[in-house]
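Take a look at the structure set out below.
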Amino acid sequence: MTFGEQPAYLRVAGDLRKKIVDGSLPPHTRLPSQARIREEYGVSDTVALEARKVLMAEGLVEGRSGSGTYVRARPVPRRVARSGYRSDSASTPFRQEQADPAARGTWESHSAQTEASGAVAERLGIEAGERVMCTKYVFRDAGEAMMLSTSWEPLAVTGRTPVMLPEEGPLGGMGVVERMAAIDVVVDNVTEEVGARPGLAEELSALGGVPGHVVLVIQRTYYASGRPVETADVVVPADRYRIAYHLPVK
């Protein structure tokens with residue numbers, strides 16, 4: 001193999017990928033067998049197998065027990081619209097996570113006190129091991145799990161107040177801004193950092209993905225006079241959703 005030349009299995013995978021993308025191998029079509037790939041491309045069984053593994057890792061094909069390997073249906077990505085916090089009396093966790101007026105969704109949540117890990121403590125500006133309220137959400141759109149969120153709030157801020165549990169009490173189910181305002185904490189800034197990584201097994205199980213799928217991770221933090229009062233990780237399947245930001249011009 002000369003310098004810059006792709007390994008044989010990547011060349012084979014690339015040609016099969018092109019056929020999948022351009023429709024020559026449409027969804028639900030059986031992928032050529034290992035023997036057929038070997039014959040068509042003049043490669044070894046090992047190369048044919050590795051090429052198929054590449055396509056499976058990319059989520060383009062899926063194995064069906066006792067039947068073979070088939071091209072997966074490719075979802076049309078939908079937009080998840082996000083904007084800065086809005087002081088809105090109708091705000092809810094779902095509105096907070098999907099700031100789209102047309103969004104209609106439901107969510108499930110569970111809150112529990114825990115100790116802040118080093119990473120969470122750094123984001124909240126507290127010491128590792130300090131007590132925080134951790135709330136895990138599963139957001140659904142038309143019954144489909146579309147987003148996961150895990151938030152942490154320092155109990156030094158919310159402890160022994162009516163808003164200590166985000167989903168319970170007089171302001172249960174409201175957004176961070178409204179809940180904090182009820183205890184005289186004025187949220188005046190929010191930051192978000194977006195990254196991508198392979199989804200964890202438990203994330204993909206909840207979101208209906210397959211091993212190897214990539215997820216988008218939004219690290220969001222709310223501030224009041226420079227002090228972090230809530231931080232969260234929002235996880236979205238990268239193959240099904242696109243993050244769209246709507247930011248006001250001042």
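The values are calculated or read from the model by the stated rules, or taken from the named source; none is laboratory data. No experiment lies behind these values; they were computed from the predicted model shown. Glycine gets a Cβ as well: all are built from the backbone with ideal geometry, and neighbour counts include every protein chain shown. Surface areas here come from the heavy atoms of the whole protein model, side chains and all, with no ligands, DNA or RNA. Shrake-Rupley method; radii C 1.70, N 1.55, O 1.52, S 1.80 Å.
For Arg227 and Leu200, compute 0.36 nm times the residue count separating them, minus their Cα-Cα distance, and round to one decimal in nm.
Here the answer is 6.7 nm.
Under a Cβ-only charge scheme (Lys and Arg +1, Asp and Glu -1), can you give me the dipole magnitude of the chain about the Cα centre, in debye to the nearest 20?
920 debye
Among Ser67, Ala128, Leu155, which residue has its Cα furthest toward the positive end of the charge dipole of the chain, with +1 on Lys/Arg Cβ and -1 on Asp/Glu Cβ?
Ser67
Would you work out the relative contact order for the chain, in percent, from Cα pairs under 8 angstrom that are 6 or more residues apart?
It comes to 17 percent, rounded to a whole number.
Separation between the Arg79 and Arg242 pseudo-spin-labels, each 7 Å from Cα along Cα→Cβ, expressed in nm?
Distance between the two pseudo-spin positions: 0.8 nm.
Cut-off 10 angstrom, C-alpha nodes, Gaussian network model of the chain. Which of Asp45, Asp141, Asp239 fluctuates the most?
Asp45
Enumerate the calculated ³J(HN,Hα) couplings along the stretch 203-215 in order (Karplus 6.51 cos²θ - 1.76 cosθ + 1.60, θ = phi - 60°), each rounded to whole Hz, writing x wherever the residue is Gly or Pro.
Calculated HN-Hα couplings, in order: 5, 5, 5, 5, 8, x, x, 10, x, x, 5, 8, 10 Hz.
Hey, could you get me the Stokes-Einstein D for the chain, Kirkwood radius over alpha-carbon pairs, 10 °C and 1.306 mPa s, rounded to whole µm² s⁻¹?
Roughly 76 µm²/s, to the nearest whole number.
Would you work out the charge dipole size for the stretch 8-71 about its Cα centre, treating the Cβ of every Lys and Arg as +1 and the Cβ of every Asp and Glu as -1, and quote it to the nearest 20 debye? Can you show the working numbers first?
Numbers: 10 positive and 8 negative charges, 14 e Å.
It works out to roughly 60 debye.
Tell me, what is the per residue accessible area of the chain in Å², probe radius 1.4 Å?
Normalised by residue count, the accessible surface of the chain is 54 Å².
Report the full-extension gain for the segment Arg140 to Ser24: residue separation times 0.36 nm, less the Cα-Cα distance, to one decimal in nm.
Length gained, Arg140 through Ser24: 38.4 nm.
Going 7 Å from the Cα of Arg64 along its beta-carbon direction, which residues of the stretch 180-216 have the amide nitrogen within less than 18 Å of the resulting point?
Output list for this probe position: 210.
Percent of Cα-Cα pairs more than 21 Å apart in the stretch 26-87, please.
Here the tail beyond 21 Å accounts for 39 percent of pairs.
In terms of modelled amide H atoms, which long-range or inter-chain residues lie less than 5 Å from the amide H of Thr29?
Val71
Give the calculated FRET efficiency between Ala35 and Thr191 to the nearest 0.05, with a Förster radius of 41 Å applied to their Cβ-Cβ distance.
Computed FRET efficiency for Ala35 and Thr191: 0.15.
Restricting to DSSP H runs of at least four residues, report the calculated mean residue ellipticity at 222 nm for the chain, -39500 (n - 2.57) per run over all residues, nearest 500 deg cm²/dmol.
Helices in the chain give a 222 nm mean residue ellipticity of -7000 deg cm²/dmol.
Under a 10 Å cutoff between Cα atoms, tell me which one of Val235, Val132, Val157 has the largest fluctuation in the Gaussian network model of the chain.
Its mean-square fluctuation being the largest, the pick is Val157.
Taking only Cα atoms, what is the 0 to 90° angle, nearest 10, from helix 8-21's long axis to the longest principal axis of the chain?
On a 0 to 90 degree scale, this one is about 70.
Considering only Gly173, Gly129, Gly66, give the residue with the highest GNM mean-square fluctuation for the chain, with springs between Cα atoms whenever their separation is below 10 Å.
Looking only at Gly173, Gly129, Gly66, the biggest GNM fluctuation is shown by Gly66.
Angle between the Cα long axis of helix 45-57 and the longest principal axis of the chain, 0 to 90 degrees, nearest 10?
So the inclination is approximately 20 degrees.
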